[in-house]
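Down below is the structure, laid out as structure tokens.
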Amino acid sequence: MTYELILTRTEGRVAIITLNRPKQLNALNDQLMDELGSALKAFDADDGIGCIVLTGSEKAFAAGADIGAMATYGFADVYKNDYITRNWEQLRSVRKPVIAAVSGFALGGGCELAMMCDFIIAADNAKFGQPEIKLGIIPGSGGTQRLPRAVGKAKAMDLVLTGRMMDAAEAERSGLASRVVPLDKLMEEALGAALQICDYGQIAVMAAKEAVNRAYEGTLADGIMFERRLFHATFATSDQKEGMDAFVNKRKPVFTNR
Ligand code: CAA
């Protein structure tokens, strides 16, 4: 299959998927997420592949869901059609390990996508955050559920409520990233980890992943659905229209709390 918004290649038994909308800082739209889902499914089913690395560009792993694409949506659109993040959780059904190799911005849906991977190796220029609050919405693809599990409630609240970014050192210190390496060593480090995993027995690797996720995911499914409905509900507000219109038109938003 040919893809337009991702690149795929293999190195030994490792599959590498690169998000490839560089001009939009890899903003995640339906097409990109469909392509990602289909590549993940194909590599998961391929006996020649033992581990998958997901990465972006030097400047951005992904700067979030595509704001331009959703700026005009209302509550009825997003709720009725389960818009924006309905095809995102497919990453969770991949049974082989998926490593996120993150450089640059991993914001909003980009941070959420990285957190859906099994672990994150960050370049020293990586910046993580959930800035949705600035757009008059909340995280919509697991941010309010996975971030507290990864970094604890205090830091998750701080990031979600202020919308600030944290750098790679803070992300490693707080448990979001498992390793931080210089930018020019990112892929070497991620590939090294992936190749190491490929050398182990695949059944044990899959079982280990499944078991760790069991500990981690508890009642995540309920949390995700709860979050998705609240996320959709923010599209009923004027503040969502204002926040996104302001972004698209490069001006400062004026929120009216309605
Ligand atoms: N959606 C659509 N386009 C985006 C985008 C996004 N999430 N992020 C960046 N872009 C676009 C910009 O509009 C810009 O396009 P033009 O060149 O056509 O103007 C281009 O990418 C480059 O961006 P900037 O000029 O803004 O680059 P910068 O270096 O000055 O700033 C940034 C980088 C801080 C990441 C800034 O682009 C930014 O704040 N982006 C938005 C981040 C965000 O709010 N993410 C959350 C989205 S909502 C979400 O993800 C919901 C969810 O939970 C599922």
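Within the range 235-246, does at least one residue satisfy the condition of being of a type in the set (V, I, T) and outside any loop (DSSP other than H, G, I, E, B)? Checked the range 235-246: no residue is of a type in the set (V, I, T) and outside any loop (DSSP other than H, G, I, E, B).
Only one of the numbered conditions (1) touching a strand residue (DSSP E or B) at 6+ places or on another chain (Cβ under 9 Å); (2) open to solvent by less than 30 Å² (accessible area, probe 1.4 Å) is not met by K185, and that is (2). For the range 133-147, taking the residues that are closer than 14 Å to T85 by Cα and open to solvent by less than 20 Å² (accessible area, probe 1.4 Å), the one that is farthest from the ligand (Cβ to nearest atom) is identified as G142.
Could we say that S57 is farther than 17 Å from S141 by Cβ, modelled with pLDDT of 95 or more, in a loop (DSSP other than H, G, I, E, B) and open to solvent by 10 Å² or more (accessible area, probe 1.4 Å) here? Before the answer, list the steps.
Working: farther than 17 Å from S141 by Cβ: yes; modelled with pLDDT of 95 or more: yes; in a loop (DSSP other than H, G, I, E, B): yes; open to solvent by 10 Å² or more (accessible area, probe 1.4 Å): yes.
Here the answer is yes, as S57 does meet what is asked.
Counting the residues of the range 14-26 that are touching a strand residue (DSSP E or B) at 6+ places or on another chain (Cβ under 7 Å) and on the phi < 0 side of the Ramachandran plot gives 7. The residue pairs whose first member lies in the range 22-43 and is farther than 22 Å from S103 by Cα and among the basic types (K, R), whose second member is part of a helix (DSSP H, G or I) and more than 10 Å from the ligand (Cβ to nearest atom), and whose beta carbons are closer than 9 Å, counting only pairs six or more residues apart or on different chains, are K41/Q90; K41/S93.
So that you can scan it fast, the table gives a plain yes or no per residue for (1) in contact with a Pro (Cβ under 8 Å, 6 or more places away or on another chain); (2) touching a residue at least 12 places away in the same chain (Cβ under 8 Å); (3) under 19 Å from E217 (Cα atoms); (4) in a helix (DSSP H, G or I):
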position: R86; (1), (2), (3), (4): no, no, yes, no
position: I99; (1), (2), (3), (4): no, yes, yes, no
position: L113; (1), (2), (3), (4): no, yes, yes, yes
position: I133; (1), (2), (3), (4): no, yes, no, yes
position: P139; (1), (2), (3), (4): no, yes, yes, no
position: Q145; (1), (2), (3), (4): no, yes, yes, yes
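Residues considered: A204, A177, A193, A211. Of these, the only one that is more than 27 Å from L230 (Cα to Cα), outside any helix (DSSP H, G or I) and more than 12 Å from the ligand (Cβ to nearest atom) is A177. Could we say that S103 is of a type outside the set (K, R) and touching a residue at least 60 places away in the same chain (Cβ under 8 Å) here? Against the criterion (of a type outside the set (K, R) and touching a residue at least 60 places away in the same chain (Cβ under 8 Å)), S103 qualifies. I need the full set of residues from the range 67-83 which are open to solvent by 20 Å² or more (accessible area, probe 1.4 Å), near the ligand (Cβ under 10 Å from one of its atoms) and in contact with a helix residue (DSSP H, G or I) (Cβ under 7 Å, 6 or more places away or on another chain), in order please. Within the range 67-83, I67, G68 qualify. Just one of (1) out of contact with any strand residue (DSSP E or B) (no Cβ under 9 Å at 6 or more places or on another chain); (2) in contact (Cβ under 8 Å) with a residue 12 or more places away in the chain; (3) away from the ligand (no atom under 14 Å from the Cβ) fails for I6. It is (1). Mind listing just one residue for me: the one in the range 191-241 that is modelled with pLDDT under 85 and of a type in the set (V, I, T) and, of those, most open to solvent (accessible area, probe 1.4 Å)? So the residue we want is T219. Only one of the numbered conditions (1) closer than 27 Å to K209 by Cα; (2) away from the ligand (no atom under 11 Å from the Cβ); (3) in a helix (DSSP H, G or I) is not met by M33, and that is (2).
The values are calculated or read from the model by the stated rules, or taken from the named source; none is laboratory data. Predicted model, so just to flag it, every value in this text is computed and none were measured. Here the Cβ is made from the backbone with ideal geometry for all residues, glycine too, and neighbour counts use every protein chain on show. Accessible surface is based on the protein model in full, side chains and every heavy atom, while ligands, DNA and RNA are left aside. Shrake-Rupley method; radii C 1.70, N 1.55, O 1.52, S 1.80 Å.
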